[in-house]
Structure formats: C-alpha cells, structure tokens
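The values are calculated or read from the model by the stated rules, or taken from the named source; none is laboratory data. Source: prediction; values computed, not measured. Here Cβ is always computed from backbone atoms with ideal geometry, including for glycine, and neighbour counts include all displayed protein chains. Only protein heavy atoms, including side chains, enter the accessible area calculation; ligands, DNA and RNA are left aside. Shrake-Rupley method; radii C 1.70, N 1.55, O 1.52, S 1.80 Å.
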There are 2 protein chains.
Amino acid sequence: MFRPEIKVLDCTVRDGGLMNKWQFSNDFVKAVYDANTEAGIDYMEIGYLSSEKSFSREEFGPWKFCSEKDIQKAIGNGERKIKLSAMADIGRIAYDDIPVCSESSLDMIRVACYVHQVDKAVDLAHHCMDKGYETTINLMAVSTVGPRDLNEALEDLNKSRVPVIYLVDSFGAFYSEDIDALSQKYMERLPGKTIGIHTHNNQQLAFANTISSIINGINYLDASLYGIGRGAGNCPLELLLSFLKNPKFNVEPLIAVVEKHILPLREKIDWGYFIPYMISGVLNQHPRAAMALMESEKKNDLLEFYRQMTNTPEMI
Amino acid sequence: MFRPEIKVLDCTVRDGGLMNKWQFSNDFVKAVYDANTEAGIDYMEIGYLSSEKSFSREEFGPWKFCSEKDIQKAIGNGERKIKLSAMADIGRIAYDDIPVCSESSLDMIRVACYVHQVDKAVDLAHHCMDKGYETTINLMAVSTVGPRDLNEALEDLNKSRVPVIYLVDSFGAFYSEDIDALSQKYMERLPGKTIGIHTHNNQQLAFANTISSIINGINYLDASLYGIGRGAGNCPLELLLSFLKNPKFNVEPLIAVVEKHILPLREKIDWGYFIPYMISGVLNQHPRAAMALMESEKKNDLLEFYRQMTNTPEMI
C-alpha cells in the first residue's frame with residue numbers, strides 16, 4: 001500500500017533496550033542506523049531522553065540518556081538522511097536537561113504517558129516544540145482505559161498544539177476490531193492531527209494490527225528489526241517494509257543487519273512469542289510478571305504461571 | 001466471538017509431522033489427544049492416510065499412514081469426545097486401502113489437492129463419503145492460482161457433494177485483504193457449503209488471517225499447538241481458543257501440554273518465525289527452499305538467501 005503520508009519509525013534501540021537496559025554497543029547502533037538509512041526508514045528512535053539524576057550510568061547504557069556526546073560517538077555528526085527521535089517519560093527528564101533542537105542531533109521527541117498524565121505530557125511536549133523539535137504524544141496502555149477517561153484525554157490532546165498522537169497497545173491485548181474502533185475514534189476526536197500506532201506482539205498480532213491501522217488511515221508506524229522490544233516485542237520492521245509498496249523503501253539492508261547484528265543478540269535475549277507473554281496479552285496485563293518469569297528458572301512452568309495469572313486454584 | 005457453528009481442528013500431529021516425518025511417540029500423540037479433548041476441540045487431525053506402497057515405514061513414522069492399529073495403540077479404542085481426522089493427498093492412497101468408516105477410528109478424511117487436481121479430489125472425496133466419512137476438500141496454494149482457474153475449480157467443487165471446502169494459504173503469502181476477498185468469493189460461489197481456513201505463519205499473520213476469515217463467516221478453523229507445522233507453522237491453537245468465546249473451550253489443558261510436550265520438541269525442531277520463511281512468504285513461494293536452508297549450515301546466511309530468492313546480483 002503506497003501512501004506518501006506514511007512514515008515508518010524504527011524503535012529497535014529504544015524498545016529493544018527495555019530488554020538489556022540499553023547496553024547496545026556503538027557498533028550495533030551504527031549498523032542499525034546505516035541499515036535504516038539505506039532502507040529508506042523515516043525515523044530512528046535511538047533511545048530514551050532521561051536525566052542522569054533519575055538513572056545511574058552504571059546500571060543503564062548510553063541509550064537510556066541519549067546525550068549528544070553519545071549520539072555523535074556512535075553515529076558521527078555528518079549529514080543525516082534519516083531523522084532521529086528519542087522518547088521522554090513523564091517525570092524522568094528535567095526540562096533544563098533538554099537541549100534546544102538546533103544544538104542536538106535529535107529531530108523529534110516523543111512523550112510517552114498514561115492517561116492520567118496527559119496534562120503533564122502536553123506541557124512537556126509544548127516545551128519540546130518550543131525548543132524546535134518535532135513532537136508526538138504516545139498515550140500508553142489504552143487497553144485498560146475506560147471510554148469516558150479516554151474521551152477526556154483525547155479532548156485534552158485535541159486542544160494541544162501537539163501534531164502527532166499515537167495509539168499504543170502496550171500490553172499486546174488488542175484484536176483488529178479494537179484497532180478499527182480506536183483508530184476511528186482517534187481520527188474523529190483529533191481532527192487535523194496525524195495518528196500513529198505502536199503495537200506489541202503478545203498475540204502475534206503486532207504486524208496485523210499495524211496493517212489494520214494503516215487501512216483505517218493511521219500514518220505513523222512504529223516497528224523494530226526482527227520485532228525486538230519489550231517482552232513479546234513489536235511489529236517486525238522487515239515485515240512492515242515488505243508490505244508497504246512505497247518505492248522509497250528497500251528491505252535488503254534490513255535482512256543484512258538482522259543477519260549480522262540481530263540474530264547474535266537473539267541468542268542472548270528472549271523476545272518474541274512465548275506463552276507467558278501470550279498469557280499476559282490475552283489477559284490484558286502489564287508484561288512485568290511474564291518478564292520476571294522469563295528471567296527466572298521457572299520460565300517453562302507455563303501451567304503454574306497461567307493459574308497464578310487467572311487465580312485458578314491448584315488441583316489437589 | 002461465540003458462534004456455535006464454529007469448529008476447531010487441531011493439526012499438530014499432521015502438519016507438525018511435516019517437520020519430523022511424523023516420528024512422534026505414542027505418548028506425545030496421546031498427550032495431544034487428551035489435551036484437545038479436555039480443551040473442547042472439535043477435531044484432531046492425527047496424520048496422513050497414505051499407502052505403504054507409496055512410503056516406507058522405515059523412513060516415516062506411523063502418522064504418515066494412520067493405520068487403525070497404530071491409532072488404537074496410541075490412544076486406545078474407548079469412547080471419544082473428539083472426532084479424529086486424517087488428510088489424504090491425491091495419488092498417495094489407494095482407494096482399497098481406505099477402510100469403511102464403521103471399522104475405523106477416523107471420523108473425517110480431508111482431501112488435499114492443487115487446483116489442477118480438483119476432479120481427482122472430488123472423486124476421492126466422494127469415495128470417502130460413500131464409505132461413511134465426513135469429508136472436506138482442502139484446495140492448496142491458491143495464492144498462486146489466477147482468478148479464471150480458481151473460479152473453474154470452485155465451480156467443480158460447487159457441483160460436488162463434498163460439504164466442506166477449505167481456503168488454504170499454503171505459502172503464508174496472504175494479507176487480511178486477500179482473506180476478505182477470497183472468503184467472500186468462496187462463500188458466494190459455494191452456496192450451502194461450509195468453508196474452512198488453514199493458514200501459515202510466514203508473515204506472522206496466521207492467527208490474524210484466521211480471525212479475518214471468522215469475521216467473513218468461515219466456520220472450520222485449523223490451528224496447532226504453539227503453531228507447530230511446516231516451516232513457519234500454523235495458527236497457534238492456544239491463541240485461537242483464547243480469542244473464541246465459546247464457553248465449551250478451555251485453554252488451560254493446551255498450556256499444560258505445550259509445557260510438557262511441545263517446548264521439549266521446540267528444542268529439537270525449528271518451526272515458527274524465521275527470516276527465510278518470511279522471505280518465501282513475502283515472495284509467495286513454496287517454503288521448500290527456505291526449509292532446505294534452515295536444515296543446512298547456512299541457516300543464518302539471510303542476505304545470500306534473499307538475493308538468491310529475488311535474483312539480485314551479488315555486489316562485486
């Protein structure tokens with residue numbers, strides 16, 4: 001489907017970093033950057049923008065902070081054909097720590113928030129816009145939000161100057177019919193704004209739901225190489241690019257970087273379709289319990305986990 | 001989605017057997033049978049019906065043949081709450097080798113055929129019906145069939161007595177829009193017949209496409225435990241059952257059998273989402289080249305494989 005308004009954002013380093021505390025080498029980040037550039041991807045999200053007062057450099061890698069120095073060390077400061085993005089969580093970045101856009105390699109800052117944080121998100125996003133950045137607000141975990149709260153949040157977002165609003169399926173709980181209904185709601189209640197989508201793959205629906213959102217008119221699409229991301233991961237970028245028929249895209253460099261850099265990482269980190277993530281998705285739960293299980297020696301104790309999550313008493 | 005007409009068929013042993021030449025132990029088959037029964041699955045496809053003149057027992061396990069003796073050895077001959085099915089390929093089973101239904105544990109025979117074999121498939125299916133079996137015809141690889149040939153095949157199937165016709169995405173090449181269009185075509189051109197769906201997961205769309213087909217009115221649904229099946233595998237049964245809201249279904253026994261029997265098998269056999277299968281799916285190709293690669297030492301040489309499959313010349 002060739003629609004020139006469609007923009008693809010690679011979140012390999014940012015969402016994938018949730019699995020390794022953003023401890024990616026500069027070589028890895030450079031390889032992903034080069035592949036994305038060659039593939040014609042529009043944006044690469046290189047990590048989170050966080051204050052060093054909030055997180056320790058000893059525990060977290062450079063892509064938790066996205067300092068200008070670290071970005072330049074990894075990918076230089078030459079001309080870029082791809083825009084760079086970083087995500088900011090409410091309360092984890094001090095306004096004064098955000099440089100003005102003209103002094104930063106970053107082109108876009110995406111503000112992630114839960115529904116009760118919308119006012120703070122709008123304030124931070126406006127601050128970023130005033131510093132010269134492209135800005136989005138990514139409203140997370142809407143699968144747990146009732147219609148009254150969601151409508152109120154969308155009303156607040158509609159009143160804001162923020163031009164791009166993301167529909168986010170944080171828990172991988174949505175079916176295509178949910179995506180249809182929510183896409184239409186976002187488009188109706190946010191006239192004149194661009195809508196984006198960010199999916200999780202707990203039920204193997206991340207790519208399918210992204211396609212559904214495209215059919216409904218959503219134009220900003222998140223994906224990651226081989227689907228790397230928290231828990232079950234995201235929409236696989238190589239699948240999305242093969243689906244989109246825009247002639248500017250080229251999937252071959254993505255295949256190459258998966259071979260050279262993602263497969264070796266996959267030997268060390270378990271993202272993708274696993275039953276614990278499937279269970280948390282089906283139950284519309286945060287993946288944290290499933291992630292804790294996957295990191296424990298009980299990772300294959302599926303029945304016990306299912307019973308815990310559904311409060312089914314053990315048979316005696 | 002609760003629709004009483006929906007029937008779920010587990011093809012774990014039959015389609016999964018394409019990955020290990022049907023060398024499943026009786027314990028494995030019994031465990032899958034018990035789990036399916038407890039989960040409320042309607043049909044279990046236990047393998048292929050083949051003549052021993054066509055295939056060697058030394059090379060292939062019992063579920064390539066589905067002899068009555070082998071079935072009873074694995075799962076006994078007591079009362080069954082689940083119907084048993086076997087698949088028959090054109091030309092690989094002699095009519096005389098098919099017992100009458102009253103002397104068989106099998107309730108259903110599904111005839112698989114390519115579009116040029118439809119006449120032979122109808123003949124074999126009618127033969128099976130006359131012997132007392134429920135019967136379906138599964139028209140394979142329709143992603144490679146032009147509309148004139150497909151319409152002619154559907155016309156022949158429409159004239160037959162066979163009550164259930166399957167839409168089969170053998171190569172995992174279809175998007176939901178293809179499923180929408182084909183489901184509607186099958187329903188229109190086969191009035192009064194029941195339509196089934198069998199998907200492959202090359203593009204992580206097997207479950208999503210099964211959902212699309214349900215929305216379009218398809219009622220016979222194939223799936224397998226943890227998606228086991230040829231290459232990228234099939235629609236995961238545990239996902240499908242979690243989606244269907246029919247109170248007769250229970251996902252817990254499926255979780256239990258995945259833990260005990262499927263995870264250990266997954267250590268030995270690579271089915272699921274791998275880039276070679278993704279490439280063959282995107283290119284609408286038979287998975288045989290991808291399967292050969294996956295069994296070779298070059299399984300991670302993704303770029304070379306992509307270039308071979310797309311005939312892209314090597315850079316010098």
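Taking the dipole about the Cα centre of the protein assembly as shown, with the C-beta of Lys and Arg at +1 and of Asp and Glu at -1, give me whichever of B:291, A:126, B:13 is farthest to the positive side.
Going by the charge dipole, the pick is A:126.
Averaged over B:242-250, how many beta carbons belonging to a partner chain fall within 10 Å of each residue's beta carbon?
The mean count of partner-chain Cβ atoms within 10 Å per residue comes to 1.
With every protein chain present, what is the per residue accessible area of the protein assembly as shown (1.4 Å probe, Å²)? Walk me through the numbers on the way to the answer.
Working: 24780 Å² over 632 residues.
Accessible area per residue, the protein assembly as shown: 39 Å².
Output, in nm with one decimal and in ascending order, the distances from the residue A:56 label point to the matching label points of the other copies (7 Å from Cα along Cα-to-Cβ).
Copy-to-copy label distances for residue A:56: 6.3 nm.
Label-to-label distances across copies for residue A:298, with labels 7 Å out along Cα→Cβ, in nm, shortest first?
Here residue A:298 shows inter-copy label distances of 4.6 nm.
Quickly estimate the mean residue ellipticity at 222 nm for chain B, helices only: each DSSP H run with n ≥ 4 gives -39500 (n - 2.57), and the total goes over all residues, rounded to 500.
-10500 deg cm²/dmol
I'm a student and want to see the number: the projected area of the Cα convex hull of the stretch B:210-316, averaged over all directions, in nm². Walk me through the numbers on the way to the answer.
Numbers: hull surface 34.6 nm².
Dividing the Cα hull surface by four gives the mean projection, 8.7 nm².
Measuring nothing but label to label, 7 Å from Cα along Cα→Cβ, what are residue B:263's distances to the other copies in nm, shortest first?
Label point to label point, same position, other copies: 2.6 nm.
With N residues in the stretch B:152-249, what two-decimal value do you get for its Cα radius of gyration over 2.2 N^0.38 Å?
Taking the Cα Rg and dividing by 2.2 N^0.38 Å, one obtains 1.06.
When the Kirkwood radius is taken over all Cα pairs of the stretch B:1-83, what Stokes-Einstein diffusion coefficient follows at 37 °C and 0.692 mPa s, in µm²/s?
It diffuses with D of about 245 µm²/s by this estimate.
On the accessible surface of the protein assembly as shown, probed at 1.4 Å, how many percent belong to carbon and sulfur atoms?
Heavy-atom surface of the protein assembly as shown belonging to carbon and sulfur, 1.4 Å probe: 48 percent.
For the rotation taking chain B to chain A, which residue of B has the Cβ nearest the axis, and how many Å away is it?
Output: B:208, 2.
Checking buried surface per residue: for the stretch B:276-300, which residues lose a minimum of 10 Å² accessible area in the protein assembly relative to the chain alone (1.4 Å probe)?
Output list: B:278, B:282, B:300.
Based on a Kirkwood Rh over C-alpha pairs, give the Stokes-Einstein translational diffusion coefficient of the protein assembly as shown at 37 °C and viscosity 0.692 mPa s in µm²/s.
Diffusion coefficient, whole number: 128 µm²/s.
For the pair A and B, how large is the buried accessible area, both sides, in square angstrom to the nearest 100, if the probe is 1.4 Å?
It comes to approximately 3400 Å² buried between A and B.
Using a simple charge model, +1 on the beta-carbon of Lys and Arg, -1 on the beta-carbon of Asp and Glu, nothing else, what dipole does chain A show about its Cα centre, in debye to the nearest 20? Present the calculation step by step, with values, prior to reporting the outcome.
Details: 33 positive and 43 negative charges, 45 e Å.
Its charge dipole is roughly 220 debye.
P(r) for chain B: what percent of alpha-carbon pairs falls in each 10 Å bin, starting at zero?
P(r) for chain B, in whole percents per bin: 6, 27, 36, 24, 6, 1, 0.
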